[in-house]
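S.K.: One structure, as structure tokens, below. Some questions next.
Computed from the coordinates by the stated procedures, all read-outs in this text should not be read as laboratory data. None of these values were measured; they are calculated from a predicted model. As a convention, Cβ positions derive from the backbone with ideal geometry for all residues, glycine included, and neighbour counts pool all protein chains shown.
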Amino acid sequence: MRSIVGMERETAARSIADVDQRSIDAFLERAWSEDGLADRTLEAYRRDLEGLARWLGGSGRHLHDARREDVSAYHAAHGGAVRSMARRQSAFRRYYAFVVRDRPGFVDPTLRIERPKLPHSLPKALSEREVERLLAAPDAGTALGLRDRAMLELMYASGLRVSELVGVPLTALNPRQGVLRISGKGGKDRLVPVGEVALDWIDRYLREVRPQLARGRQPPALFLSQRGAAMTRQMFWTLVKRHAVVAGIPAARISPHVLRHSFATHLLNHGADLRALQMLLGHSSLSTTQIYTLVAREGLKRLHAQHHPRG
């Protein structure tokens, strides 16, 4: 009888069938183009799917032949940390949703497989002083610096998701009323206030910078890249990291949605109503918004411990 170690080595060395490799490549290409997943996430999904393909190949089958029992057995055999298991399940769910779209009648083998329970992680929020430093980091004396300042100001003023910020059309802004119409998750529209400071920066950007970037054309996006096209989420995230370095903010305190999280936390700190915050953020469920009350509470604990004589 072969040892477990020997079987694992054989599985790792087994090549992936061409049909499975082509299917994985097509899925990852679509996940990149439609969902804008980060390169690191795509590579992790590739490893997970290729692992499943090799494992199924040991019994002469392919990814398209997998049954729910196969996926469950694969999870049981490979275990790992809770977050690794959750990522693996996410890869399989996304992949088989992709297969279902292209194969009518295909039965998704990931259905009714219980998801591992992840420990709650609080959104990362900056302090108000850190936000001020981040907003001031772009060099507004340059065209791109002025654009970046306007984007950061708008994201913090309105609590937008990164995807909403880079995708907002020029026509969505109503400067007279000081509101922005956002098409959020699930195609749900909402109106969000912008605020005078952000409006002033956007006005400067529209007058001084956007015409240069548009180069005589009429691109629909409000914020444009150097090529005159809409920015991507990855491009904006790169900009945030660059300006965070200038602002002296540690990398551990930065995330793609850091200004959205800070917007929500600071509103609660200043007495905002949770239901109103839910509407501003575009959350379909109040429970999603409630996590920011925990962030605000943790911030108050830190302030107490730091400044109270008996903290």
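S.K.: Using a Debye calculation, one point per C-alpha and no hydration shell, please list log10 I(q)/I(0) for the range 128-307 at q = 0.15 Å⁻¹ in order.
M.R.: Those come out to -0.88, one per q.
S.K.: Suppose every K and R has +1 on its Cβ and every D and E has -1 on its Cβ; what is the size of the dipole of the range 4-102 about the Cα centre, in Debye to the nearest 20?
M.R.: Roughly 300 debye for the range 4-102.
S.K.: Take the alpha carbon atoms of the range 111-231, find their radius of gyration, then divide it by 2.2 N^0.38 Å using N residues; give the quotient.
M.R.: Ratio of Cα Rg to 2.2 N^0.38 Å: 1.23.
S.K.: Give me the log10 of I(q) over I(0) for the range 184-227 at q = 0.19, 0.24 Å⁻¹, as the Debye formula computes it from C-alpha points; what are the numbers?
M.R.: -0.75, -0.90
S.K.: Principal axis lengths of the range 4-102 from Cα atoms, whole Å, largest first?
M.R.: 40, 29, 24
S.K.: Moving to a separate point now. When the Karplus curve 6.51 cos²θ - 1.76 cosθ + 1.60 is applied with θ = phi - 60°, which whole-Hz ³J(HN,Hα) does each residue of the range 45-54 get, with x for Gly and Pro?
M.R.: The phi angles translate into 4, 4, 4, 5, 6, 5, x, 5, 4, 5 Hz.
S.K.: Please give the net charge around ALA230, taking every other residue with its beta carbon less than 14 angstrom from that of ALA230, where Lys and Arg add +1 and Asp and Glu add -1.
M.R.: Result for the neighbourhood of ALA230: +4.
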